[in-house]
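The structure appears right after this line, and notes come after that.
The values are calculated or read from the model by the stated rules, or taken from the named source; none is laboratory data. Bear in mind that the values here come from a model prediction, so they are computed numbers and not experimental data. Positions of Cβ are backbone-derived with ideal geometry, glycine not excepted, and every protein chain shown enters the neighbour counts.
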Amino acid sequence: MNQQILFNDDIAFDENQQAWNFTGLLAGERITITIKTESTLKLTDELRFNFEDQVEEWLEDNEPPENCKIELLYK
């Protein structure tokens, strides 16, 4: 894990998008993260950790987008 991002505690499920949305701070910039899921999942500490881990893995291989929005499909 690169730990270059600090995740905020504002995770919420958006029924319309069928996705979890939350924010974080990356190099002083606020970013918005959307993780689409195939079904509604119950939010647990393990699921939250999995989301954060997936974002950190993505950032290891990709540059942060200019629009400060990351959209992923939950794996």
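Points to keep in mind about this one:
- Within the option set I5, I11, I33, being among the β-branched types (V, I, T) and touching a helix residue (DSSP H, G or I) at 6+ places or on another chain (Cβ under 6 Å) holds for one residue only, I33.
- Selection of region 1-50 for residues being on the phi > 0 side of the Ramachandran plot and modelled with pLDDT of 90 or more yields only Q18.
- Here the condition is being part of a helix (DSSP H, G or I), out of contact with any helix residue (DSSP H, G or I) (no Cβ under 7 Å at 6 or more places or on another chain) and loosely packed, with under 13 Cβ neighbours inside 10 Å; of E46, E57, it holds for E46 alone.
- Candidate set: region 1-17, residues that are assigned to a loop (DSSP other than H, G, I, E, B) and not polar (S, T, N, Q); chosen: the one surrounded by the most Cβ atoms within 10 Å (Cβ to Cβ): I11
- Annotation note: Cβ proximity below 9 Å between a residue of region 51-75 that is on the phi > 0 side of the Ramachandran plot and a residue that is hydroxyl-bearing (S, T, Y) and surrounded by 13 or more Cβ atoms within 10 Å (Cβ to Cβ) (sequence gap 6+ or interchain) occurs for C68/T32.
- Subset of region 18-40 (residues that are more than 21 Å from E66 (Cα to Cα), surrounded by 13 or more Cβ atoms within 10 Å (Cβ to Cβ) and either out of contact with any Phe, Trp or Tyr (no Cβ under 7 Å at 6 or more places or on another chain) or of a type in the set (D, E, K, R) (or both)): A19
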